[in-house]
1. Search the structure for amide H atoms under 5 Å from the amide H of V210, placed 1.01 Å from N in the peptide plane, and list their residues when 5 or more places away or on another chain.
2. Assuming R0 = 22 Å, what is the FRET efficiency of Q187 and V213, from their Cβ-Cβ distance, to the nearest 0.05?
3. From the Cα gyration tensor of segment 143-222, with a ≥ b ≥ c the square roots of its eigenvalues, which class applies: rounded if a/c is under 1.5, or else prolate if a/b is larger than b/c, or else oblate?
4. Run the numbers for A283 and R104: contour at 0.36 nm per residue of separation, minus the present Cα-Cα distance, in nm.
5. Once the convex hull of the alpha carbons of segment 51-129 is built, what does its volume come to per residue, in cubic angstrom?
6. Mind ordering 253-259, 263-269, 118-124 by average Cβ neighbours within 10 Å, highest first?
7. In whole Å, what are the extents of the chain along the principal axes defined by its C-alpha atoms, from largest to smallest?
8. Report ³J(HN,Hα) in whole Hz for each residue of segment 115-132, in order, from the Karplus equation J = 6.51 cos²θ - 1.76 cosθ + 1.60 where θ = phi - 60°; Gly and Pro get x.
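Laboratory data are not the source of any read-out in this text; all were calculated from the coordinates shown. On a predicted model such as this, the values are computed, not experimentally measured, just so you know. Don't worry about glycine lacking a Cβ; one is built from the backbone with ideal geometry, like all the others, and counts go over all protein chains shown.
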Amino acid sequence: MRESPPPPTSQALIKLTHASGSRAQISLFGAHVTSWVDATGREQLYLSRLARLAGAGGKSIRGGIPVVFPQFADTGPLPMHGFLRTREWSVAHSNATSATLERRDDDATRRLWPHAFLAQLAVTVGDTLSVTLAITNTGTTPFSFTAALHTYFAVDDIRAVRVLGLAGLTYADKTRNFARRVDRDEQVAITEFTDRVYQNAPATLRIAHVAPVAPSQSLVLETSGFGDWVVWNPWLDAIRNFDDMEPDDYLRMLCVEAACIAHPVTLAPGQSWTGAQVARPIAT
Ligand code: TA6
């Protein structure tokens, strides 16, 4: 049953700032990181100019880091990417450089997914951006879930971007009816509508910019607790399906998503799981 989430009640944003100049913003709606500016002043996350901030109409915010739980994409009966990204969270604690937001089950979520849980998202900004999703089973019966940090990275020009670390891996190609293919390339280039799930993948990837864009900057992604990666770019074909993206936005974004899809996580009552991602800008 697909139920529309309650209307957002807050436009509240949490602003984190580090002495290095690195800073981040998090919306209480969806515990959604909407911006991360690194110490060099570069905005590292794509946020659509058409994004419905604070979830107008119950939609998730287009860009930043949507929190996906308890279902990745439409792999089950729940709303697309689950329901946490379209609900209000609260602040458990925060200081200048970090914040922890939390969200528990309620009548509406239990009608969709009959389990009790505590979700916590911890965000810390410094030389890196660290994001950790923690899920605890606060109920009396086990539950299983899939999850992801659905990160939209900002790129200067998608045609000059390469993803390193996926060579030789098998992926499910959603654009070709989930056909299983192998990436032989040391560096994955995005040249068409791309929607791939790399299963049992390495914990670390690198997003590099190559010529003709100044190859001055790469982003290293170090993760734990996930196991899969999703690489998505709608390209000029599929972007028309998204009324909250501008037609040429595909040139400026790339989703590289730390995910646990292939092996859903099962938690017994009282058990917890954490999935963490640290994004680190490096000079190349
Ligand atoms: O993670 C890739 C994906 O599942 C794509 O298939 C596309 O649907 C994208 O997520 C965006 O989904 P959304 O529900 O946020 O529009």
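1. For V210, the qualifying residues are V161, R162.
2. On the way: r = 14 Å, r/R0 = 0.64.
Result of the calculation: an efficiency of 0.95.
3. Numbers: a/c = 1.81, a/b = 1.46, b/c = 1.24.
Prolate, because a/c is 1.5 or more and a/b exceeds b/c.
4. Details: separation 179, 0.36 × 179 = 64.44 nm, distance 4.00 nm.
My answer for the length gained is 60.4 nm.
5. Details: hull volume 8.8 nm³, N = 79.
Roughly 111 Å³ of hull volume per residue.
6. Values: 253-259: 24.1, 263-269: 14.7, 118-124: 20.3.
Highest to lowest by the protection proxy: 253-259, 118-124, 263-269.
7. Result for the chain: principal-axis Cα extents of 54, 46, 34 Å.
8. Each residue's phi maps through the Karplus curve to give 9, 9, 8, 10, 10, 10, 10, 9, 10, 10, 10, x, 5, 10, 10, 10, 10, 10 Hz.
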